[in-house]
Each structure stands twice: as C-alpha cells, then as structure tokens.
1. For the chain, with every protein chain kept in place, what is the accessible area per residue (1.4 Å probe, Å²)?
2. Once both labels are modelled 7 Å past Cα along the beta-carbon direction, what's the Ser30-Glu88 spacing in nm?
3. Explain nothing, just the number: relative contact order of segment 5-115, from Cα pairs under 8 Å at least 6 residues apart, as a whole percent.
4. Would you mind finding the longest exposed-site-free stretch of the chain, with exposed trypsin sites (Lys or Arg not before Pro) meaning DSSP loop and at most 12 other Cβ atoms within 10 Å?
5. Classify segment 1-80 as rounded, prolate or oblate, taking a ≥ b ≥ c as the square roots of the eigenvalues of its Cα gyration tensor: rounded when a/c is under 1.5, otherwise prolate if a/b is larger than b/c and oblate if not.
6. With the full set of protein chains in place, find how many percent of the accessible area of the chain is carbon and sulfur; take the probe as 1.4 Å.
Amino acid sequence: QVQLVESGGGLVQPGGSLRLSCAATGTIFSIGDMGWYRQAPGKQREWVTTITNGARTSYADSVKGRFTTSRDNAKYTVYLQMSALKPEDTAVYYCYAVINALFNWGQGTQVTVSS
C-alpha cells in the first residue's frame, strides 16, 4: 500500500513564504513524475507544477517565478517552495506521484494567504 503524506500548510500573510512537503511511503519500486495541484473554494482542481525523475520542472503561468518544486529521490519526497504568496493562492494543495506506474494523490493540505 502506497501513501503520500503532506505537511507544511498553514496561514501566511500576503508576500510571505511557505514550504510544503510530500513523502511517499509503502512498497515502492519506481517513482516517476511528482508534483502539485491545488483547489480553491468553488473552483476545479488545477495543476500547479510537475517535476520529472530527471528533475525537469514545469509550472503553471500563475505561479511561475514565485513557486519552486524540488525532489529528493532517496527520501521519496517532493517539495513546493512558495514565495511572494497572494490571496489568490489560497487553496488546498494536493501532491501527486506516479508510483509503481500508478497515479497517487496526497490527502491535501490547506494554504491560506490572508492578512
């Protein structure tokens, strides 16, 4: 049984920074792409970023230049460093990973940007 466990969400003021982590646990033979989606209240879940197992990254235009994703393959962990946060970044953030050729979601962590 594979699980993705997220941590690091919370309340932050506009302009602030936050770092999310997502660790995969269980029986893992391979991990491919990892990344993040988010879902704001009343909106559809939207893609934020992907990092391949070769560390190539891609970002949604709305976060480009402010968010950085990275991964530690030895720890089966993906990170999302968020800077210059805006109120419109408020959402539940979900990590994902392709593990053993199957797509897996994390449980979600709330990020609230408010003064």
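1. 53 Å²
2. Reported label-point gap for Ser30 and Glu88 is 3.9 nm.
3. Numbers: 259 pairs, mean separation 41.7, N = 111.
Answer for segment 5-115 is 38 percent.
4. That gives 65-115 as the longest site-free run.
5. In terms of gyration-tensor shape, prolate.
6. Accessible surface attributable to carbon and sulfur in the chain totals 49 percent.
The values are calculated or read from the model by the stated rules, or taken from the named source; none is laboratory data. The shown structure was predicted, so the numbers you read here are calculated from the model rather than taken from an experiment. Cβ: placed from backbone, ideal geometry, glycine included. Neighbour counts: every protein chain shown. Only protein heavy atoms, including side chains, enter the accessible area calculation; ligands, DNA and RNA are left aside. Shrake-Rupley method; radii C 1.70, N 1.55, O 1.52, S 1.80 Å.
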